[in-house]
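Here's the structure, in structure tokens; my notes come after.
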Amino acid sequence: MNHNDCIFCKIINGNIPSAKVYEDDHVYAFLDISQVSKGHTLIIPKIHTKNIYETPPEIAKELFAKVPIIANALKEAYNPIGMNVLNNNEAPAGQSVFHLHIHLLPKYSESEGFSVNWKTHEDKYSATDLQQIAEKINEAIKN
Ligand code: AMP
Ligand code: ZN
């Protein structure tokens, strides 16, 4: 089920060119045109899903199974010193293409690749707070 107006569906169909890294019945992987660092790769499901929220377990299973395989191939090919695996969901979190994708971002030096820039707040949460937060999320899990 591909979406006519989706750029990644067009890439899967061959209507927009891409530098293909890997393909099977369920998954397509290709170089991100922005190349944040050399080998920056996107892994996408062939069935269109908007993002992680809309992705059923069967599609996730096929997609995520390929992440370590392609990450190891990228490591072997270019020998990065580290690798960030990133998935952005919804515009405020940086999603700009609304077809689920996993970024593989090889890290070659402190300045080359993705930089983690988050504030930590461990001093603001007690063990009880953490238990309550965990329980609330757990109660919302739908199997
Ligand atoms: P995100 O911002 O997480 O939604 O990532 C979307 C990514 O898709 C960006 O890093 C873009 O550089 C990449 N992108 C957009 N169009 C193309 C294209 N035609 N070929 C390869 N990568 C693309
Ligand atoms: Zn799509």
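Compared with the dominant principal axis of the Cα atoms in the chain, helix 57-78 is inclined by about 70°. Only Cα pairs under 8 Å and 6+ residues apart enter the sum, and on that basis the relative contact order of the chain stands at 23 percent. Dipole magnitude for region 15-143: about 200 debye, using +1 per Lys or Arg Cβ and -1 per Asp or Glu Cβ, origin at the Cα centre.
Here region 3-116 exposes an accessible surface that is 55 percent carbon and sulfur, computed with a 1.4 Å probe and the other protein chains kept in place. Using only Cα atoms, tell me the angle between helix 127-140 and the longest principal axis of the chain; keep it within 0 to 90° and round to the nearest 10. Helix 127-140 sits at roughly 50 degrees to that axis. Where does the charge balance sit around residue 55 when Lys and Arg score +1, Asp and Glu -1, over other residues with C-beta under 11 Å from its C-beta? Once positives and negatives cancel, what remains is -1. Taking amide H as placed 1.01 Å from N in the peptide plane, the amide H of residue 49 sits under 5 Å from that of 100, each at least 5 places away or on another chain. Accessible area per residue for the chain is 68 Å², calculated with a 1.4 Å probe on protein heavy atoms, without ligands, DNA or RNA.
Only helices enter this figure: runs of n ≥ 4 DSSP H residues, each worth -39500 (n - 2.57), summed and divided by the residues of the chain, yield -9500 deg cm²/dmol at 222 nm to the nearest 500. First measure r as the distance between the Cβ atoms of residue 25 and residue 52, then evaluate 1/(1 + (r/R0)^6) with R0 = 22 Å and state the FRET efficiency to the nearest 0.05. That gives a FRET efficiency of 0.55. The residues packed around residue 29, meaning those with a beta-carbon under 13 Å from its beta-carbon, carry a net charge of -1 if Lys and Arg are +1 and Asp and Glu are -1. A full extension of the chain between residue 4 and residue 16 corresponds to an added length of 3.1 nm, given 0.36 nm per residue minus the alpha carbon distance.
Each other residue within a Cβ distance under 14 Å of residue 18 adds +1 if Lys or Arg and -1 if Asp or Glu, for a net charge of +1.
The values are calculated or read from the model by the stated rules, or taken from the named source; none is laboratory data. All of these numbers come straight from a predicted model, not from anything done at the bench. As a convention, Cβ positions derive from the backbone with ideal geometry for all residues, glycine included, and neighbour counts pool all protein chains shown. Remember, those area values only see protein heavy atoms, side chains included, never the ligands or the DNA or RNA. Shrake-Rupley method; radii C 1.70, N 1.55, O 1.52, S 1.80 Å.
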